[in-house]
Amino acid sequence: MQFVVLTLFPELLESFGNHGIIRRAVELQKISLKTIQIRDFAEGRHRVTDDRPYGGGPGMVMKPEPIARALQAASMEAPDALKIHLTPQGRPFSHTIAGELAQKKGLILLCGRYEGIDERIGDGFIDDEISIGDYILTGGEIAAMVVIDAVSRFIPGVLGCADSCEDDSFSKRLLEHAHYTRPYEFNGEAVPEILLSGDHQRVKHWRLLSSMIRTLLKRKDLLFRRLLTHEELDILQDFQKDIQSILEYQRQAQNNGRNDQ
Ligand code: ADE
């Protein structure tokens with residue numbers, strides 16, 4: 001997968017590409033990450049990339065010509081890549097979209113600054129618009145890093161363990177189970193005994209239970225988005241039975257308390 005990022009701040013992306021799993025993925029040639037400085041394609045002694053908006057108003061707008069030229073240079077670098085503009089007006093980014101984008105040969109990511117880019121770049125120069133959330137960042141660079149990071153995790157060989165991406169929250173539409181490492185006891189809390197049992201079936205079931213509890217408490221919307229397996233349904237039914245018997249016990253206890261007064 002080829003990533004080419006068009007930006008006024010290439011150092012931000014270069015630093016990102018020099019650390020952790022992304023760095024290793026580049027070294028292993030699973031991905032490539034290149035930046036293009038939009039200013040290099042601006043004209044004049046000052047290489048100006050922005051200008052005042054027609055119609056007036058606050059802020060500056062990125063000029064179209066340097067961006068169009070930079071996009072052309074990026075297309076030479078990555079001819080089959082999809083051209084994406086990172087903008088709060090784009091379609092909301094998700095695990096599913098990351099997986100889809102990972103099927104492409106390359107991604108050219110255009111990062112805006114200031115009030116945004118000249119509208120005419122959107123018409124014909126860009127294939128897709130992506131937002132990483134309903135808030136306004138000072139530029140698209142952080143959004144580009146989010147996209148590169150999430151997409152790269154889908155590229156075979158990028159993550160250490162072949163199936164660790166498949167096991168994630170969201171691919172199963174459940175939050176991930178709790179994780180523990182040494183020490184055995186921390187802050188007065190010990191690691192659940194099952195995880196030390198060496199019984200893989202029980203560990204697997206415990207992890208599913210942990211996922212279900214977390215999802216129910218933190219993101220129950222996810223439980224409405226797909227059909228649950230029999231095992232998952234049984235777990236939910238067990239929760240229901242437990243809650244039911246606690247409620248019955250409490251009702252009984254409160255009635256008895258009132259009767260005693
Ligand atoms: N640029 C500024 N804000 C953004 C956002 N929320 N998503 C993507 N790009 C952006």
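Placing R0 at 51 angstrom, the Cβ-Cβ distance between Arg91 and Asn256 gives a FRET efficiency of 0.35 after rounding to 0.05. Annotation: the antiparallel percentage among DSSP beta bridges lying fully within the chain is about 20.
A straight line joining the Cα centroids of the stretch 101-122 and the stretch 9-84 runs 9 Å. Averaged over its residues, the chain has an accessible area of 64 Å² per residue, based on protein heavy atoms and a 1.4 Å probe.
Over the chain, the pair-distance histogram of Cα-Cα distances with 5 Å bins from zero comes to 1, 5, 10, 12, 13, 11, 10, 9, 7, 6, 5, 4, 3, 2, 1, 1, 0, 0, 0 percent, rounded to whole numbers.
Shown for the chain: the carbon plus sulfur share of the solvent-accessible area, taken with all protein chains present and a 1.4 angstrom probe, equals 51%. Remark: the stretch 37-189 carries a charge dipole of roughly 420 debye about the Cα centre, counting +1 on each Lys and Arg Cβ and -1 on each Asp and Glu Cβ.
Each 5 Å bin from 0 upward holds the following percent of the Cα-Cα pairs of the stretch 10-161: 2, 9, 18, 21, 22, 14, 8, 4, 2, 1, 0.
Projected label points at Arg120 and Val48, each 7 Å from Cα along the beta carbon direction, are separated by 1.6 nanometres. Exposure check, 1.4 Å probe, all protein chains in place: His200 carries approximately 150 Å² of accessible surface. Over all directions, the projected convex hull of the C-alpha atoms in the stretch 6-65 averages 5.8 nm² in area. Amide hydrogen proximity for Leu107: with H placed 1.01 Å from N in the peptide plane, the residues at 5 or more positions away or on another chain lying under 5 Å are Gln2, Phe3, Val4, Leu82.
Each peptide in 245-253, 92-100 receives the mean, over its residues, of other Cβ atoms within 10 Å, and ordering these scores from highest gives 92-100, 245-253.
Estimated translational diffusion coefficient (Stokes-Einstein, Kirkwood radius over Cα pairs, 4 °C, 1.567 mPa s) of the stretch 188-261: 86 µm² per second.
Take the Cα of Glu193, go 7 Å toward its beta carbon, and the backbone nitrogen atoms of the stretch 206-236 under 17 Å from that spot belong to 206-207.
Sorting Phe41, Phe186 on solvent-accessible area from highest to lowest, probe radius 1.4 Å, gives Phe186, Phe41.
The values are calculated or read from the model by the stated rules, or taken from the named source; none is laboratory data. For clarity, every value in this text was computed on a predicted model and none was experimentally measured. With ideal geometry, Cβ positions are generated from the backbone for all residues, glycine too; neighbour counts draw on all protein chains shown. For accessibility, only protein heavy atoms count, side chains too; no ligands or nucleic acids. Shrake-Rupley method; radii C 1.70, N 1.55, O 1.52, S 1.80 Å.
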